[in-house]
1. Please list Arg278, Arg323, Arg223 in order of solvent-accessible area, largest first, computed with a 1.4 Å probe with all protein chains present.
2. Computed on alpha carbon atoms, what radius of gyration and Dmax characterise the range 270-318, expressed in Å?
3. For a bin width of 5 Å, list the pair-distance distribution of the range 238-314 built from all Cα-Cα distances, rounded to whole %.
4. Would you calculate a helix-derived [θ] at 222 nm for the chain, using -39,500 (n - 2.57) for each DSSP H run of n ≥ 4 and dividing by the full residue count, to the nearest 500?
5. Pull out a ≥ b ≥ c, the square roots of the eigenvalues of the alpha-carbon gyration tensor of the range 75-170, then state rounded if a/c is under 1.5, prolate if not and a/b is larger than b/c, and oblate in the remaining case.
6. Sequence gap at least 6, Cα distance under 8 Å: using those rules, report the relative contact order of the chain to the nearest whole percent.
7. Students sometimes get this wrong: rank Val5, Val324 by accessible area, probe 1.4 Å, all chains present, largest first.
8. By its C-alpha gyration tensor, with a ≥ b ≥ c as the square roots of the eigenvalues, how is the range 178-305 shaped: rounded for a/c under 1.5, else prolate for a/b larger than b/c, else oblate?
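The values are calculated or read from the model by the stated rules, or taken from the named source; none is laboratory data. These figures come from a predicted structure and were not determined experimentally. A quick note on method: Cβ atoms are made from the backbone with ideal geometry, for glycine too, and the neighbour counts reach across all protein chains shown. For accessibility, only protein heavy atoms count, side chains too; no ligands or nucleic acids. Shrake-Rupley method; radii C 1.70, N 1.55, O 1.52, S 1.80 Å.
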Amino acid sequence: MDPIVRMLETVLDDVRGRDAGGVADYIPSLAAADPERLAFAVVGPRGRVTSVGDDDVEFTIQSVSKPFVLALALEELGRDAVLARVGVEPSGEPFNAISLEAGTGRPANPMVNAGAIVTSSLLGEGDEFSRAETIVAGLSRFAGRTLTVDEEVYRGESETGHRNRALAYLTRSHDIIRGDVPTVVETYFRQCSVLVTVRDLAVMGATLAFGGVNPVTGERVVREDVARDVVSVMASCGMYDYSGEWLLRVGLPAKSGVSGALLAIAPSQFGVATFSPRLDRHGNSVRGIQILERMSGEFGMHVFEPHEAIAAPGIRIDRSEGRVVVHLGGELAFSGAERMIGVLSDLADGAVTDDTILVDGSELARAHPAALELLRRQLEVHGGRLHFLD
Ligand code: GLU
């Protein structure tokens with residue numbers, strides 16, 4: 001058996017028997033969800049999707065749509081225009097709280113409902129169907145397949161969503177929301193009712209983990225700076241009023257939804273998604289949290305844990321008659337440049353007087369201009385004996 005499948009299955013088996021929490025019950029179709037459903041998927045850098053459990057069961061995306069709609073808005077309007085209407089501060093309050101900034105009326109962040117409704121209002125034109133179509137098309141590009149709306153869940157959301165309407169009208173009173181409130185709110189309900197599987201969510205997450213490029217389709221969905229902005233907001237605000245403790249314990253940007261979905265991003269490594277409908281008091285999937293806690297711990301995925309690769313670009317040194325060639329690989333950032341400067345000084349000091357030292361940066365997977373500049377300066381220190389190829 002594939003070792004990744006086996007590992008994912010072992011983790012699922014460990015949490016399967018845990019039955020704490022309850023399913024969301026504010027609309028009949030969510031209350032009817034089978035609480036035993038359990039699924040887990042990961043997508044790595046080469047776009048390989050590995051999944052176990054109920055991985056073909058569809059459920060509604062709910063609040064996990066929020067980071068992706070934020071991404072679409074940032075891509076289309078730019079950071080300043082979006083931040084003029086919605087903040088990026090954790091609210092520390094439940095998702096449906098009235099978290100509006102005093103004075104401006106900006107919602108605290110795009111992961112709470114008020115902020116998500118405003119972000120949703122920034123996309124598309126016309127009635128709720130055509131606005132929602134724009135959003136669903138964008139979500140589909142993240143997922144790499146055409147997604148659809150569950151009309152029954154949508155009707156339930158619309159029939160019960162009075163608090164969301166009230167939040168939207170409050171933002172209207174501050175002139176923050178774009179467009180007609182009833183249209184925007186119905187669009188938001190359709191957005192929450194988009195059907196996905198755990199595999200879709202993992203692909204969507206992987207697209208953010210790999211800088212905006214869907215690793216399955218190869219399509220660039222959003223710019224790299226947009227993906228980074230969204231992942232940052234997920235890190236501070238993605239798990240409702242459990243976001244701070246989640247960041248401390250699991251250390252992965254994430255977003256959860258009331259249907260039991262949980263999506264986590266390991267930047268440059270994986271998109272990870274789980275589905276298990278029983279929720280804790282914050283609205284987060286109980287077993288989803290257990291799975292991610294374990295995965296992050298066992299694989300050292302916490303983003304604030306020391307990660308070696310960036311401090312150690314690959315270095316291979318070839319010596320031949322009168323020539324030393326230093327081949328660089330991997331990523332060259334500040335710490336790598338600092339390390340390389342030491343290596344180059346040692347080489348220059350130890351080399352026979354008329355040796356030429358050549359630094360070959362042509363195979364670097366990623367080089368930050370400021371780090372390259374540091375290396376170039378070091379080359380100047382050693383006069384004409386050091387050359388740089390990029
Ligand atoms: N449709 C839900 C709402 O806006 C989404 C809630 C959630 O997943 O947090 O109330």
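1. My answer, sorted largest first, is Arg323, Arg223, Arg278.
2. Taking only Cα atoms of the range 270-318, I get Rg and Dmax of 16.8, 60 Å.
3. Percent of Cα pairs in each bin: 3, 17, 28, 24, 13, 7, 4, 3, 1, 0.
4. Helix contribution divided over all residues of the chain: -13500 deg cm²/dmol.
5. Oblate, because a/c is 1.5 or more while a/b does not exceed b/c.
6. 18 percent
7. Reading off the accessible areas and sorting them downward yields Val5, Val324.
8. Here the range 178-305 falls in the oblate category.
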